[in-house]
Every structure is written in structure tokens, then in C-alpha cells.
Amino acid sequence: MLPWTLLGRAPIPGTQDRLLLWQRGDEFSIRISGYVSELMNSRLHGSEEALATQACALLKSPQTARVLVGGLGMGFTLAAALQAVGETGSAVVAELVPEVVEWNRGALGAAAGRPLDDSRVSVLISDVAEVIRAARAEYDAVLLDVDNGPEGMTQQENNWLYTPAGLAAARRALRPGGVLAVWSAEQDTGFTARLTAAGYAVQVRTVHARTDKSGRGRGARHTIWLAQLNEGSRRA
């Protein structure tokens, strides 16, 4: 078996941790220093793609949708969002770690088909929480895959995203009928309750980490929350 090769290190702002990019053949892995388990792997991206496809499928006009992707990762969520929207649609990526963007413009980019090369994409080197705070009715979908669930992992400040205040800010950032979609490694009934209390119509779906050539789900099961505003929603 081929050995893993370390391609890059990147400090995570606000923490003592680093992201580590590894490669073995055509397989890539991103890990956090000090953690045994992977943060993401290029062979396990079915649920990241589902985050985008299932959220955009709920939109009334996905062809013209404007999507905010929180966390670039390996680019699979972004690539799926671009497939789900039309030629007049667009995607904004908020990525906290600039090196992750560099990795996706380099060797890692081939894994997801180099979505950053698409002219419909804009990249912000920024905390997605700050992008959400500043937005007013700007997005049809907000896709969050910045942690392993609805609590801060890569940085503690991410906890705000999943609080009532963060969920209210996401409501203000969304257009009527918009969808907030959140990826998680596990279920969390408390988060479902917070979404409902924040005024969203909530669906909780379980998806596999990968799909085989026949389209059947394989591997670990992950959770996706699809929280939608009604068409007449007013943002507080």
C-alpha cells in the first residue's frame, strides 16, 4: 500500500491547531493536528454532496439560486451546488483558512473536478459567521459544513452559528423560501428543536458517507438538517 505524504500544513485562526493535508495516490485526507480521526477524505463525500443537492431541490427556482457555502473543504459541496443551480445561478464560498483555497486550486482540486475554476464562484477568505451576520436576504440557500456537527470543532467561535442568535442571523441572510442546510456526523435532537423554535420548517435526513457505482449508499451514516423559510417569512 502506498504511504501517506504530507502536502501541507495550515494554522486554524484563533486556535493552536493546524489542518494537515495528506495524499496517498489519488486519495486525499484533511486532518486536524492532535486528532486521530480524519476531518474529511476524498473518497467519502456522498453526504457533503447531498447537503447541496437536497437543499437546492427544495428551492422554488434553483436555476437562478444564489448559494452560500460555509467551508470549502475538498470542494465536493461546492461542486454539487454548482450542478444543482443553473447557468445564471451562483455560489459564494466562505473559507476561514486561506491555505485550503490554495490546496483546492492545486493538487487537491482535481478530486471534486476543480469547482473553483467555475466563473459562477466567488471566494471569501472569511469566517462564514461574519458573512451571515452581514447578509440581508442575499441567499437562497446557506450550506454549513464547517464542523462535525452543530457545535464548534475547528474553532469554538463556531458555536454561535448553532445558537438561537446564529439561527436568527441565518434567517435574515436568507430570501423567502430559502434553506439553511447543516451537515453533521451524528444526530442532535436539541438542534432540531432550536431550528424549529427559530421559525424554520425542519426536515432531518440521514445519508451515507459515500455511494457505490450503482448509486446505493455505503459507509457511515451522517445527518443533514434542511431548515426552510416559508415564502412569506419576515426576517426579525
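The values are calculated or read from the model by the stated rules, or taken from the named source; none is laboratory data. This structure is a prediction, so every number in the text was calculated from the model and none was measured. Please note: Cβ atoms are built from the backbone with ideal geometry, for glycine as well, and neighbour counts cover all protein chains shown. Please note that ligands, DNA and RNA were not included when accessible areas were found on the heavy atoms of the full protein model with its side chains. Shrake-Rupley method; radii C 1.70, N 1.55, O 1.52, S 1.80 Å.
Pairs linking a residue in the range 113-130 that is within 21 Å of GLU49 (Cβ to Cβ) and open to solvent by 40 Å² or more (accessible area, probe 1.4 Å) to a residue that is of a type in the set (Gly, Ala, Ser) and assigned to a helix (DSSP H, G or I), with Cβ atoms under 8 Å and 6 or more positions apart or on different chains, are GLY113/ALA79; ASP117/GLY109. Apart from one condition, GLN54 fits all of (1) open to solvent by 20 Å² or more (accessible area, probe 1.4 Å); (2) within 24 Å of ASP147 (Cβ to Cβ); (3) touching a helix residue (DSSP H, G or I) at 6+ places or on another chain (Cβ under 7 Å); the exception is (3). Against the test of being more than 16 Å from ALA52 (Cα to Cα), in contact (Cβ under 8 Å) with a residue 60 or more places away in the chain, open to solvent by less than 10 Å² (accessible area, probe 1.4 Å) and not aromatic (Phe, Trp, Tyr), the options ALA173, ALA181, ALA141 yield a single qualifying residue, ALA173.
Output the number of residues of the range 150-163 satisfying the condition of being buried (at least 23 other Cβ atoms within 10 Å of the Cβ) and modelled with pLDDT under 80. Counting residues in the range 150-163 that are buried (at least 23 other Cβ atoms within 10 Å of the Cβ) and modelled with pLDDT under 80 gives 1. Checked against (1) at pLDDT 95 or above; (2) open to solvent by less than 10 Å² (accessible area, probe 1.4 Å), ASP147 meets all criteria but (1). If the condition is being in contact with a Pro (Cβ under 9 Å, 6 or more places away or on another chain) and among the β-branched types (Val, Ile, Thr), then the range 94-113 contributes only VAL97. Just one of the listed residues (GLU38, GLU95, GLU49) is more than 18 Å from HIS222 (Cβ to Cβ) and of a type in the set (Asp, Glu), namely GLU95.
A single member of VAL97, VAL101, VAL85, VAL93 is under 12 Å from the mean Cα position of the chain (by Cα), under 22 Å from SER122 (Cα atoms) and among the β-branched types (Val, Ile, Thr), and it is VAL93.
Taking the range 17-39 as the range and being crowded, with 17+ Cβ neighbours inside 10 Å and either among the hydroxyl-bearing types (Ser, Thr, Tyr) or in contact with a helix residue (DSSP H, G or I) (Cβ under 9 Å, 6 or more places away or on another chain) (or both) as the test, the residues that pass are LEU19, LEU21, GLN23, PHE28, SER29, ILE30.
Within the range 98-108, identify whether any single residue is in contact with a Phe, Trp or Tyr (Cβ under 9 Å, 6 or more places away or on another chain), in a helix (DSSP H, G or I), open to solvent by 10 Å² or more (accessible area, probe 1.4 Å) and under 26 Å from ALA10 (Cα atoms), and answer yes or no. Within the range 98-108, one or more residues are in contact with a Phe, Trp or Tyr (Cβ under 9 Å, 6 or more places away or on another chain), in a helix (DSSP H, G or I), open to solvent by 10 Å² or more (accessible area, probe 1.4 Å) and under 26 Å from ALA10 (Cα atoms).
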